[in-house]
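A short reminder: the numbers here are calculations on the coordinates, not readings from a lab. This is a predicted model, so every value here is computed, not measured. In this analysis, Cβ positions are derived from the backbone assuming ideal geometry, glycine residues included, and neighbour counts consider all displayed protein chains.
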Amino acid sequence: MGSHGDVLADRQPPDRLRKLGVEVRPHLPQPGDIVVRRIPFDFPDDVEPHWKSDEPEWSHMVNGASLTMPYLEPFLIDSMREAMHLVEDSRIRQDARGFMAQEGQHFRIHRRYNELLKAKGYPELALIEEEMQKSYDRMRDRRSLAFRMAYSVGFESMTLGLTSWLVEERRDLFCNADPRVSSFILWHMVEETEHKRVAFDVYQAACPGYWMRAVGVFAGSLDVMRWSRRGYIAMLKKDGLWTDWRSRLRLWRRGIQFIRHVMPFLLRSALPGHDPSREPDPAWVREWIEGYALAGPTDAVRLVDTSSPEMPPPYSAPTTQHDRPTLHSP
Ligand SMILES: [Fe+2]
Ligand SMILES: [Fe+2]
């Protein structure tokens with residue numbers, strides 16, 4: 001059984017090992033373990049920017065967030081790498097390496113998805129990308145490490161609220177949506193849950209201070225929201241929907257839902273004494289993580305069934321302790 005804070009890499013697919021006559025007993029990651037997965041998400045030409053065809057507004061809200069990732073996540077990685085030099089605790093340093101490896105996977109896949117968006121009718125997004133690159137470069141040059149880490153902690157606390165919303169309301173948000181995009185977004189949220197405490201732990205170890213952390217909660221989350229908004233406005237304008245009042249109502253409805261879910265997380269994380277490790281992991285996320293560990297990495301991506309009423313995790317785990325295979329350390 002893994003100790004708290006293990007960083008695990010994808011191992012040989014169990015099927016291949018079984019063929020070699022090796023007995024395979026999977027290690028189930030525990031809360032706090034960080035698993036670096038290389039899932040070959042693919043976005044062939046038939047993936048459409050309106051991946052939820054009845055809701056272009058919601059599709060573009062997610063597309064706008066995706067647009068920020070190849071600029072935001074390298075910034076998080078660079079800040080973490082710099083802060084690690086100030087951290088002596090070996091567990092936190094190991095977690096930081098897991099965080100950087102996971103974020104590295106995320107932004108690379110988002111970049112491929114964003115290329116598809118630009119190729120499929122929204123080349124003007126490239127201008128916003130240029131501005132984002134400049135903005136993050138300026139922050140790297142001009143802002144203190146404490147601010148940059150506080151920004152990272154702030155953004156990471158927003159992702160916890162976002163995960164809770166996307167998972168709890170998945171039947172509404174992803175109903176009959178393209179399973180390839182839905183599965184990719186939900187995978188990202190699963191891994192955000194796994195490394196939820198890492199930026200906070202590194203901040204506390206490298207450059208502790210309450211007020212800067214409180215500022216970072218809003219600086220990080222509002223900045224990413226602002227860039228995402230730039231992206232979805234550009235796409236809705238291109239669609240001719242930006243001035244359509246029915247479209248605007250649908251957009252506001254999703255925006256209000258987002259704020260309603262995320263705000264309590266942001267407010268809690270701005271309090272003194274906050275500790276993100278106390279935020280519970282959604283059961284759906286734990287099932288995804290355990291199911292993936294039991295399935296092992298495969299060449300084929302398993303997709304969320306977005307036509308199913310319950311929309312279970314694509315990787316499912318036995319539901320009772322009794323049914324679980326024997327566990328042992330890898
Ligand atoms: Fe990420
Ligand atoms: Fe993250």
Theoretical gain in end-to-end length, Arg260 to Leu145 [0.36 nm per residue, Cα-Cα removed]:
38.3 nm
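Starting from the Cα-Cα distance between Arg253 and Glu169, subtract it from 0.36 nm times their residue separation and give me the gain in nm to one decimal. Provide the component values of the computation, followed by the final result.
Numbers: separation 84, 0.36 × 84 = 30.24 nm, distance 1.37 nm.
Extra length from Arg253 to Glu169 when fully extended: 28.9 nm.
Among residues other than Ala126 whose Cβ falls under 12 Å from its Cβ, what is the net charge (Lys/Arg +1, Asp/Glu -1)? Each step should come with its number before you reach the end.
Values: positive: Lys118; negative: Glu115, Glu124, Glu129, Glu130, Glu131.
It works out to a net charge of -4.
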State which helices in the chain qualify, where a helix is a whole DSSP H run, it must extend 24 Å or more along its own axis by its Cα atoms, and its mean Kyte-Doolittle hydropathy must be at least -1.0.
56-84, 145-168, 210-239, 245-269
Please compute the modelled spin-label separation between Arg38 and Leu267, points set 7 Å along Cα→Cβ, answer in nm with one decimal.
4.4 nm
How many nm separate the modelled label positions at Ser308 and Gln94, each set 7 Å beyond the Cα in the direction of the Cβ?
3.4 nm
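How high is the FRET efficiency between Trp245 and Asp46 when r is their beta carbon distance and R₀ equals 30 Å, given to the nearest 0.05? Mind showing how you got there, number by number?
Working: r = 31 Å, r/R0 = 1.04.
Efficiency for this residue pair is about 0.45.
Among residues other than Lys238 whose Cβ falls under 12 Å from its Cβ, what is the net charge (Lys/Arg +1, Asp/Glu -1)?
Values: positive: Lys118, Lys120, Lys237; negative: Glu124, Asp239.
Residues near Lys238 contribute +1 overall.
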Row for segment 225-320, column shape: gyration tensor on C-alpha, a ≥ b ≥ c, rounded if a/c < 1.5 i.e. under 1.5, prolate if a/b over b/c, else oblate; value oblate
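Do any chymotrypsin sites (Phe, Trp or Tyr not before Pro) in segment 50-110 lie in a loop, going by DSSP, with at most 11 other beta-carbon atoms within 10 Å of their beta carbon, and if so which? Before the final figure, lay out the partial values.
Values: sites: Trp51, Trp58, Tyr71, Phe75, Phe99, Phe107; in loops: Trp51.
Taking segment 50-110 and a limit of 11 other Cβ atoms within 10 Å, no loop chymotrypsin sites (Phe, Trp or Tyr not before Pro) are found.
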Given the rule -39500 (n - 2.57) for each run of at least 4 DSSP H residues, summed and divided by the residues of the chain, what is its mean residue ellipticity at 222 nm, to the nearest 500 deg cm²/dmol?
-21000 deg cm²/dmol
If amide hydrogens are placed 1.01 Å from N in the peptide plane, which non-local residues have theirs closer than 5 Å to the one on Ile34?
Asp6, Val7, Leu8
Cα centroid separation - segment 186-210 against segment 36-68, whole Å
25 Å
Pairs on different chains or at least eight residues apart, Cα atoms closer than 26 Å: how many lysine pairs in the chain fit?
12
With label points set 7 Å from each Cα along the Cα-to-Cβ direction at Thr298 and Ser53, the distance between them in nm comes to 2.7 nm
Contour excess over end-to-end distance, with Cα ends at Lys120 and Asp137 and 0.36 nm allotted per residue
3.3 nm
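What does the convex hull of the alpha-carbon atoms of segment 46-283 project to on average, in nm²?
On the way: hull surface 49.0 nm².
Orientation-averaged projected area of the Cα hull: 12.3 nm².
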